[in-house]
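The values are calculated or read from the model by the stated rules, or taken from the named source; none is laboratory data. Only a predicted model underlies this, so the values are computations on that prediction, with no experimental measurement involved. Cβ: placed from backbone, ideal geometry, glycine included. Neighbour counts: every protein chain shown. Side chains are part of the model used for accessible areas, which takes the heavy atoms of the whole protein and leaves out ligands, DNA and RNA. Shrake-Rupley method; radii C 1.70, N 1.55, O 1.52, S 1.80 Å.
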Amino acid sequence: MGKIVAVTGNEACAQALKQINPDVCAAYPITPATDLMQRFSSFVNDGKVDTELVLVESEHSAMSACIGAAAAGGRVATATSSQGLALMWEMLYIAAGTRLPIVMPLVNRALSAPLNIHGDHSDGMGARDTGWLQFYSENAQEAYDNLIQAFRIAEHLDVRLPVMVCMDGFIVSHSIERVEYIDDADVKKFVGKFVPVHPLLDLDKPKSYGPLILTDLYHEYKRAQHEVMTKAPRVVLEVAADFEKMTGRKYGLFETYRLEDAEMAIVVMSSAAGTTKDIIDRYRDKGVRIGLLKPRMFRPFPFAEMADALKHVKAIAVLDRADSFGGMGPLYSEVAGAVMQMDSKPAVTNKIFGLGGRDYLPDQAEYVIDELITIAKTGKVKTVKEYIGVRE
Amino acid sequence: MSKKFWETLPQGSVVLEAGSSAKFKTGGWRSMRPRWIEENCIQCMFCWMYCPDMAIKATAEGKRAEFNYDYCKGCGICALECPGKKGNKAIVMEEEGK
Ligand code: SF4
Ligand code: SF4
């Protein structure tokens, strides 16, 4: 049996990395992810892991070194936040296009300017098109569990893609919570031995990485990359089923909360889902049929499954902790894409909340639910996109 | 079930065959063509060393041989670096097709 501890999200993720013992980590510090890799570097220093830790001069170099190490044939991990992820931008596409199963906790943080170190999803959403799989975690337990599952998913021979495991900066990364750790031996068994595919270090079979591919084949390579993403959900669910057998903790493509008989739904990711569940309970006590859908896997986005889970609701509010300036919130766009596949077309609104770590408080959830009640009654949406929790 | 063409591509666009770049004749990109003037050549082998495309052949004895026009892109580096004999270059660049 595992053991129950009181740890921060960063500590839990560092523990998961220790238990997985990757071959190579290349990292550069950035708040709030610094503490995660700092803890991991002590494990390296104390001989608790065999990992080769490469201390580089920037996140661009960190991801470059990870790509090199993964192409060489190693199990590779790193971690970052915010500007660090932004600096990795071009390398993120190369990791995915080259099909390298790198795993990276992303401690979600706002992007400059103005400079802000607190949690929102602007960084992760900026990387949504890079070809990485993305998982968002509500709390430290989910971050730990998702990180362990991420290695199995990334390294699955039908996937072989890099995976980002996100948790909210400070709210989860630095808050102490109850977390159930899995035994080292069980994690090791669950993750299994790393199987390299086309390793550069297999000198008997020389090969080249990173060729120039122009109009004759590029389109076909992208078609193939899209296909892999369509296969990923099956693998994600298989891995989740195995994980449940080991721990009893159930994971899906998304989580639903009191949604089965709901008339209205809130779609929200990560830590804000916890607060929302509490407020939903209060409204349920008053007989309001409101439920929640919390996406866990944002890339690939489970359109069909989500359309099915939401098909009976009349009104949906999608809460985005990121904005696409001049566009709709990124989560809203995806949910709207899912709604387009439904016969019943529920009304969908978009609320932008919690940017730069602004607290998401119960009164914001109440405001959203009160509005949903009116929309469900009238079928009319007054404002499609709106900022909530703004000082006025 | 027969696979679609794009399903047969190697994962991650990795080139699994060693030395396959030899199959890709880059000589067709050339607009300027280097010409070797043997009487001005002092056999310093600078051109052989500087050519980024290994398009200057050498004999088994390590002597300067002809250009390999299958791969020479016509960049002109060899002509620039060539010291020649008494100020007379042993490589000159000429417009292709003239
Ligand atoms: S012109 Fe450029 S490519 Fe051609 S032989 Fe000279 S150095 Fe090589
Ligand atoms: S650089 Fe000029 S002189 Fe030297 S070997 Fe080449 S052609 Fe001859």
Given the pairs A:250/A:385; B:25/B:57; A:314/A:385, which span a C-alpha to C-alpha distance of over 27 angstrom in this model? A:250/A:385
Taking the Cα centre of the protein assembly as shown as the origin, how large is its charge dipole in debye, to the nearest 20, when only Lys and Arg (+1) and Asp and Glu (-1) carry charge on their Cβ atoms? 1000
Label-point separation, residue A:219 to residue B:61 (7 Å along Cα→Cβ), nm: 5.5
So for the range A:254-387, taking the charge dipole from beta-carbon charges (+1 Lys/Arg, -1 Asp/Glu), which of A:340, A:352, A:279 sits furthest toward the positive end? A:340
Straight-line reach from residue A:3: which aspartates and glutamates have a Cα under 13 Å away, not including same-chain ones fewer than 8 places off? A:180, A:183, A:184, A:186
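Taking R0 as 30 Å, what's the FRET efficiency between residue A:183 and residue B:11 from their Cβ-Cβ distance, rounded to 0.05? If you can, show how the numbers build up before the last one.
On the way: r = 34 Å, r/R0 = 1.12.
The formula returns an efficiency of 0.35 here.
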For residue A:255, distant residues with modelled amide H under 5 Å away: A:294, A:296
May I ask you to give the percent of accessible area on chain B that is carbon plus sulfur, with a probe radius of 1.4 Å? 56
Candidates A:156, A:312, A:198: whichever shows maximal mean-square fluctuation once chain A is modelled as a Gaussian network with Cα springs under 10 Å: A:198
Return the subset of A:48/A:188; A:231/B:3; A:222/B:4; A:189/A:245; A:18/A:48 for which the Cα-Cα distance in this structure is over 19 Å, preserving the input order. none
log10 I(q)/I(0) for chain B, Debye formula on C-alpha points only (no solvent), q = 0.24 Å⁻¹, two decimals, reads -1.26
What 222 nm value per residue comes from the helices of chain A, counting each DSSP H run with n ≥ 4 as -39,500 (n - 2.57) and dividing by all residues, nearest 500 deg cm²/dmol? -13000 deg cm²/dmol
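What's the FRET efficiency of residue B:43 with residue B:18 using the Cβ-Cβ distance as r and R₀ = 45 Å, to the nearest 0.05? Write down the numbers at each step before the final one.
Working: r = 32 Å, r/R0 = 0.71.
The computed FRET efficiency comes out at 0.90.
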Farthest towards the positive end of the dipole of the protein assembly as shown, among A:33, A:153, A:364 and with Cβ unit charges of +1 on Lys and Arg and -1 on Asp and Glu, lies the Cα of A:153
Tell me the accessible surface of residue A:30 in square angstrom (1.4 angstrom probe, heavy atoms of protein chains only), to the nearest ten. 20
Within 10 Å of each Cβ of A:222-231, how many other protein chain Cβ atoms are there on average? 3
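Looking only at the range A:251-342, where both bridge partners belong to it, what percent of the DSSP beta bridges are antiparallel (to the nearest 5)? Walk me through the numbers on the way to the answer.
On the way: 4 of 12 bridges.
Of all bridge pairs located within the range A:251-342, approximately 35 percent are antiparallel.
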Give me, ordered by chain and number, the residues 5 or more places off residue B:56 or on other chains with an amide H under 5 Å from its own placed amide H. B:68
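According to the Kirkwood expression over distinct Cα-Cα pairs, how big is the hydrodynamic radius of chain A, in Å? The partial results should precede the final answer.
On the way: mean 1/r = 0.0467 Å⁻¹.
Mean inverse Cα-Cα distance, inverted, gives 21.4 Å.
Where the only charges are on Cβ atoms (+1 Lys, Arg; -1 Asp, Glu), what is the dipole of the range A:254-387 about its Cα centre, to the nearest 20 debye?
Values: 19 positive and 19 negative charges, 39 e Å.
In total the dipole reaches around 180 debye.
Within the P(r) computed for the range A:253-392, what percentage of the Cα pairs occupies the region above 19 Å?
Values: 4347 of 9730 pairs.
Percentage above 19 Å: 45.
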For chain A, which whole-number percentage of the solvent-accessible area (1.4 Å probe, protein heavy atoms only) is attributable to carbon and sulfur atoms? 54
Please compute P(r) over all alpha-carbon pairs of the range A:236-336, binned at 10 Å starting from zero, and give each bin as a whole-number percent. 15, 43, 33, 9, 0
Lysines with Cα under 19 Å of residue A:205, excluding same-chain neighbours fewer than 8 positions away: B:23
What is the range A:128-169's relative contact order, in percent, from Cα pairs under 8 angstrom and six or more apart in sequence? 52
Residues in the range B:10-41 occluded by at least 20 Å² - accessible area, probe radius 1.4 Å, against chain by itself: B:11, B:12, B:13, B:14, B:15, B:16, B:18
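Please report the antiparallel percentage of DSSP beta bridges with both residues in the protein assembly as shown, rounded to the nearest 5.
Working: 20 of 56 bridges.
About 35 percent, rounded to the nearest 5.
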Evaluate Rg over Rh across the range A:81-199, taking Cα atoms for both radii and Kirkwood's formula for Rh. 1.00
Distribution output for the range A:94-135: share of Cα-Cα pairs per 5 Å bin in percent, first bin at 0, values 5, 21, 25, 21, 14, 10, 3
Loop-only check: which chymotrypsin sites (Phe, Trp or Tyr not before Pro) in the range B:1-45 are DSSP coil with at most 14 other Cβ within 10 angstrom? B:24
Extreme residue, positive dipole direction of the protein assembly as shown, given options A:191, A:165, A:214 (C-beta unit charges): A:214
Top of A:271, A:42, A:81 by mean-square fluctuation, Gaussian network on chain A, Cα under 10 Å: A:42
Rolling a 1.4 angstrom probe over the protein chains, ignoring ligands and nucleic acids, what is the accessible area of residue A:305 in square angstrom, nearest 10? 80
When chain B is treated as a GNM, springs tying every alpha-carbon pair under 10 Å, which of B:12, B:76, B:28 comes out with the largest mean-square fluctuation? B:12
As an exercise, use a Förster radius of 22 Å and the Cβ-Cβ distance of residue A:286 and residue A:374 to find the FRET efficiency, rounded to the nearest 0.05. 0.90
Please identify every one of the GluC sites (Glu not before Pro) in the range A:224-294 that sits in a loop by DSSP and has no more than 13 other beta carbons within 10 Å of its own beta carbon. A:260
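Below 8 Å between Cα atoms, with a sequence gap of 6+, how large is the relative contact order for chain B in percent? Each step should come with its number before you reach the end.
Values: 138 pairs, mean separation 33.2, N = 98.
Answer for chain B is 34 percent.
Counting other Cβ atoms within 10 Å, keep those with at most 16, restrict to DSSP loop, and tell me which trypsin sites (Lys or Arg not before Pro) in the range A:321-392 are left. Kindly include the intermediate steps, with their values, before the conclusion.
Details: sites: A:321, A:351, A:358, A:377, A:380, A:382, A:385, A:391; in loops: A:321, A:358, A:380, A:382, A:391.
When the trypsin sites (Lys or Arg not before Pro) of the range A:321-392 are filtered for loop state and at most 16 Cβ neighbours within 10 Å, A:380, A:382, A:391 remain.
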Under-5 Å amide H pairs with residue A:349, H placed in peptide plane, nonlocal only: A:316, A:317, A:318
Please work out the C-alpha center-to-center distance from the range A:281-320 to the range A:2-32 and express it in whole Å. 31
Percent relative contact order for chain A, counting Cα pairs under 8 Å at least six residues apart, stands at 16
